[in-house]
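Following: one structure in structure tokens, then a few remarks.
A short reminder: the numbers here are calculations on the coordinates, not readings from a lab. Since the model is a prediction, treat every value here as computed from it, not as a measurement. Note that each Cβ is placed from the backbone with ideal geometry, even for glycine, and that neighbours are counted across all protein chains shown.
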Protein chains: 2
Amino acid sequence: MPDSALFAVDWGTSSFRAYRLDADGAVIEQRQAPLGILKVANGDFAGTLQGEIGGWLAQSEAPVLMSGMIGSRQGWSEAPYAPCPAGLADLARHLHPVDVTPGRRGWIVPGLVHRGASGPPDVMRGEETQIMGVLGAIGAGRHLICLPGTHSKWVELVDGRVAGFTTHMTGEVFAVLRQHSILGRLMEGDDVDLDGFDRGLDRARDGGGVLHHLFGVRTHGLFGEIAASALPGYLSGLLIGHELANAGDGKSEVLILGAAELARLYQRALARFGRPSRLLDPDAAHRGLFALLPHLPKD
Amino acid sequence: MPDSALFAVDWGTSSFRAYRLDADGAVIEQRQAPLGILKVANGDFAGTLQGEIGGWLAQSEAPVLMSGMIGSRQGWSEAPYAPCPAGLADLARHLHPVDVTPGRRGWIVPGLVHRGASGPPDVMRGEETQIMGVLGAIGAGRHLICLPGTHSKWVELVDGRVAGFTTHMTGEVFAVLRQHSILGRLMEGDDVDLDGFDRGLDRARDGGGVLHHLFGVRTHGLFGEIAASALPGYLSGLLIGHELANAGDGKSEVLILGAAELARLYQRALARFGRPSRLLDPDAAHRGLFALLPHLPKD
């Protein structure tokens, strides 16, 4: 079997993904399991890692690099946030050590903290590594990257360094309203009806604020103006529309880095708002970890 | 015992309140029970009413007038919404009959629907009656009334008629985020810390949008910048601040019609935003029902 150059682990809240990479960063083998940090019993992260990639570790001394919520307070060991601006060298300086097996040191990539001129700080954990994984594809200069999701991130990247970012709780607000509010009661299914989605996007550009617009989800349903099966899409469009109305600079091309279905919804929304966008390959975490390899601390 | 002129019933989602009124509208007796429409088993509203005020009904032929969610699809009988503008005479024309006991007709006050120039319709049910109950205290002319709550209502009243209104889901969004989102996990208790509340209000006036500001509840907690016990207040201030930023005309005096504690929070918020306000007596539903009495259909 080809020599391993790096064991790259993308360990998030709900899933575990490990990649065995060669000296060119190509994926030789990979493992995936529903063993996100919240599923690991008794904090036995070392045992879980051993169970998933113990075979790889036994056969090679290649470094182990991990990113994602594994470095959070609820994870293996808390990796303090690194400040912005931050690129590969900055992240490498803040790598957080853990013993992956007794006597064998591995590293957790720190999350980032951004402090704007006012307001509370903003944080990310895991996205910084995905962003480092697309540097090769997008090159230097200034870029605006959107990572849609539970907590969407909008990132300003300047010459390979994260200059700043904002988080929008769009996905989580959608989920709690769908499952726990009166709005969900009139809905059927969870498919995103695209006509409903577009109507929600358009409504988001009216005045009145999102707290007011949300009640319209109910009345549209109550008066039969939007079908129960199209209401989840309407709610999604409403929330994503409000996110877009407030994120980024409103005109730069948006590079979308996210899972295919959601990324396409964001692209549709941006197009409807007249904003150019481009989809990036979402399989970026292991590329980001590989890009950090030359910057690893020497023993 | 004094003669009864009206049996006024304020029957909402979570509570039942009945008032025996004399010919001047004074409350002779009242009953209150946690028998909101969602607590009434098998749709037996007639039996519930009989159980609560059967004694009153047996002693007098006075009319029975009801308002609130009792007229909703989930209530006793659906009273179709009356259109705006609507005052006492308009509501009376749309009173919805039900047999409170066999052969004895009672009436349910309709809710209101408002269709603006664009967007979905807006609805209320119960608030229209409370508003009619304050007409005597505020007089003719133009008034802006805020009824804070799960679904806050902002009502434009012109010469005793509801000209239009908007709903903001502030209270319900607070509740689902507090109970079901990641934001609640860092919080302790449910008291509204006033310093936290004020900080939330101030944050709401920054740019970035509420979906972004919400994430700051988490980071303020994560970095220990706001105590766990003050985070519910911060979230409340944030959401009420966003409501105020979008409701009303931004300058008229706001008449606040709501339960004491919440009404005072809204007054505090309005003051911080430089907007004049005045508290109205929230015990208004039975006054509104009494004001409808002269307009009742004649048999």
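Values for this structure:
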| item | result |
| --- | --- |
| Surrounding net charge for A:R178, when Lys and Arg each add one and Asp and Glu each subtract one, Cβ distance under 14 Å | -4 |
| Average Cα contact separation per residue, the range A:210-287, under 8 Å, 6 or more apart, as relative contact order % | 25 percent |
| Whole-number percent relative contact order across chain B, with pairs defined as alpha carbons under 8 Å at least 6 apart | 16 percent |
| D (Stokes-Einstein, µm²/s), Kirkwood Cα radius, the range A:6-114, 1.306 mPa s at 10 °C | 112 µm²/s |
| Summed residue charge, Cβ within 12 Å of B:G68's Cβ, Lys/Arg positive, Asp/Glu negative | -1 |
| Antiparallel DSSP beta bridges within the protein assembly as shown, as percent of all bridges there, nearest 5 | 70 percent |
| About the Cα centre, charge dipole magnitude for chain A (Lys/Arg +1, Asp/Glu -1 at Cβ), debye | 500 debye |
| Cα-centred dipole magnitude for the range B:168-279, charges only on beta-carbon of K, R (+1) and D, E (-1), debye, nearest 20 | 220 debye |
| Convex hull projection area averaged over all views, the range A:66-224, Cα basis, nm² | 13.0 nm² |
| Rg in Å to one decimal, and Dmax rounded to a whole Å, for the protein assembly as shown via C-alpha atoms | 28.9, 98 |
| Tensor-based shape of the range B:167-227 (alpha-carbon gyration tensor, a/c under 1.5 rounded, otherwise prolate or oblate) | rounded |
| B:D283-A:Q30 pseudo-label distance in nm [points 7 Å out on the Cα-to-Cβ vector] | 6.8 nm |
| Radius ratio Rg over Rh of chain B, counting only Cα atoms, Kirkwood formula for Rh | 1.01 |
| DSSP beta bridges in the range A:6-114 [antiparallel fraction, %, rounded to 5] | 70 percent |
| Whole-number percent relative contact order across the range B:161-296, with pairs defined as alpha carbons under 8 Å at least 6 apart | 24 percent |
| Assigned charges on the beta-carbon of Lys, Arg, Asp, Glu; the protein assembly as shown dipole about Cα centre (debye) | 540 debye |
| Neighbour net charge for A:Q30 - beta-carbon separation under 15 angstrom, K R +1, D E -1 | -1 |
| Eligible lysines near A:K251 by straight Cα distance, threshold 22 Å, same-chain separation 8 or greater | A:K153 |
| Over the range B:190-299: Kirkwood hydrodynamic radius from C-alpha pairwise inverse distances, Å | 15.6 Å |
| Percent of Cα pairs exceeding the 26 Å cut-off, where the set is the range B:135-248 | 27 percent |
| Choice from B:I131, B:I182, B:I240 showing the highest fluctuation, given a GNM over chain B with Cα pairs closer than 10 Å | B:I182 |
| Helix-derived mean residue ellipticity, 222 nm - over chain A, DSSP H n ≥ 4, -39500 (n - 2.57), to 500 | -10500 deg cm²/dmol |
